[in-house]
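Engineer: Supplied in structure tokens, the structure appears directly below.
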Amino acid sequence: MMEYVFEPSQIPTVAVNGTSKRFPVRRIFCVGRNYAEHTREMGGDPDREPPFFFTKPADAVVDSGTEIPFPQATSDLHHEMELVVAIGKGGANISQEMASKHIFGFGAGIDLTRRDLQQIAKDKRRPWDSGKAFDQSAPCAALTKASEITNITSSRIWLTVNGETRQSATISDLIWSVDEVIAFLSVEFALRPGDLIYTGTPAGVGAIKSGDKIEGYVEGLTPISFTLK
Ligand code: MN
């Protein structure tokens with residue numbers, strides 16, 4: 001029995017549909033630019049850029065239906081609606097053909113971004129952590145097991161703020177498909193069960209403020225929602 005100098009933090013978890021058991025989160029990976037329209041709105045060229053990755057701490061996950069305090073140190077908090085892939089079987093250098101075998105399930109998630117701090121980091125060629133990896137920056141709805149989903153690629157993905165649609169696309173609009181993302185990512189990092197991958201956001205990202213209700217949908221999955229305190 002391991003003893004600690006103080007009580008360790010709880011393992012961060014995400015709900016799973018159809019069971020009271022929780023998905024234990026190990027790491028959170030995020031794809032930087034994965035929809036052409038969003039790449040253009042951020043000043044990039046969707047034709048030439050291979051996927052790149054950044055991370056958030058595992059304990060950035062937040063259940064759907066909660067109230068999230070407005071984060072510290074920002075005056076430009078953005079929503080980024082994303083399909084989340086939950087890894088159930090680890091591996092490195094996973095081929096596209098084998099990628100689906102490593103997927104536990106899918107979820108609807110939001111990559112909350114302190115855009116002002118991210119912009120400073122970009123301007124000064126610094127890491128993105130202050131813009132991306134802050135507390136409660138990764139709301140994620142209950143996962144649906146991959147075996148219960150026939151074809152996630154044809155699903156619509158959209159986000160509303162106070163009932164008004166801000167982002168809308170189809171998963172097939174992804175520049176790099178889920179299988180390709182797993183293949184690329186697993187070249188750089190050995191994946192493990194419990195890893196979450198936020199696969200990138202469509203165009204239409206924008207600022208949210210205290211009191212706003214944010215609701216995100218991926219057709220066939222449980223919606224994600226939260227209110228900003
Ligand atoms: Mn994102």
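The values are calculated or read from the model by the stated rules, or taken from the named source; none is laboratory data. Computed from a predicted model, the values in this text were never measured in an experiment. Virtual Cβ from ideal backbone geometry, glycine too; neighbours counted across all protein chains shown. Heads up: the accessible areas ignore ligands, DNA and RNA and are worked out on the full protein's heavy atoms, side chains in. Shrake-Rupley method; radii C 1.70, N 1.55, O 1.52, S 1.80 Å.
Engineer: Considering the dipole of the range 13-228 built from charges on the beta carbon (Lys and Arg +1, Asp and Glu -1) around the Cα centre, which of A133, G44, A190 is farthest to its positive end?
Structural biologist: Ranked along the dipole, the leading option is A190.
Engineer: Same structure again: Put a dot 7 Å past each Cα toward the Cβ at E37 and E164; how far apart are the dots in nm?
Structural biologist: Label at E164, label at E37, 1.7 nm between them.
Engineer: Which entries of K56/K122; K89/K132; K21/K122 show an alpha-carbon separation above 28 angstrom in the structure shown?
Structural biologist: In this structure, K21/K122 exceed 28 Å between Cα atoms.
Engineer: Per residue of the chain, what 222 nm ellipticity follows from adding -39500 (n - 2.57) for every DSSP H run with n ≥ 4, rounded to the nearest 500?
Structural biologist: -3500 deg cm²/dmol
Engineer: If you don't mind, there's one more thing I want to ask. Can you tell me the relative contact order of the range 13-228? Whole percent, Cα pairs under 8 Å, sequence separation 6 or more.
Structural biologist: 33 percent
Engineer: How large is the accessible surface of M42 in square angstrom, using a 1.4 angstrom probe and rounding to the nearest 10?
Structural biologist: Its heavy atoms expose roughly 50 Å² to the probe.
Engineer: Moving on to the next point. Taking all protein chains together and a probe of 1.4 Å, list K213, K56 from the most accessible to the least accessible.
Structural biologist: Listed by decreasing accessible area, they come as K213, K56.
Engineer: Continuing with the same structure: Once the convex hull of the alpha carbons of the chain is built, what does its volume come to per residue, in cubic angstrom?
Structural biologist: In the chain, the Cα hull volume divided by residue count equals 143 Å³.
Engineer: Separation of the range 141-162 and the range 20-40 by C-alpha centroid, Å?
Structural biologist: Between the Cα centre of the range 141-162 and that of the range 20-40, the gap is 13 Å.
Engineer: To continue, here is another question. Report the calculated FRET efficiency for D47 and K209 (r = Cβ-Cβ distance, R0 = 30 Å), to the nearest 0.05.
Structural biologist: Calculated transfer efficiency: 0.30.
Engineer: Quick check on the range 1-95: what does the Kirkwood estimate of hydrodynamic radius come out to from the alpha carbon pairs, in Å?
Structural biologist: 17.1 Å
Engineer: If you place +1 on the Cβ of every Lys and Arg and -1 on the Cβ of every Asp and Glu, how big does the dipole about the Cα centre of the chain come out, in debye to the nearest 20?
Structural biologist: Once rounded to the nearest 20, the dipole reads 280 debye.
Engineer: Solvent-accessible area of Y35, probe 1.4 Å, all protein chains present, reported in Å² to the nearest ten, please.
Structural biologist: The accessible area of Y35 comes to roughly 10 Å².
Engineer: Which one of A73, T170, V218 has its Cα pushed farthest toward the positive end of the charge dipole of the range 13-228, where Lys and Arg give +1 and Asp and Glu give -1 at the Cβ?
Structural biologist: Result: A73.
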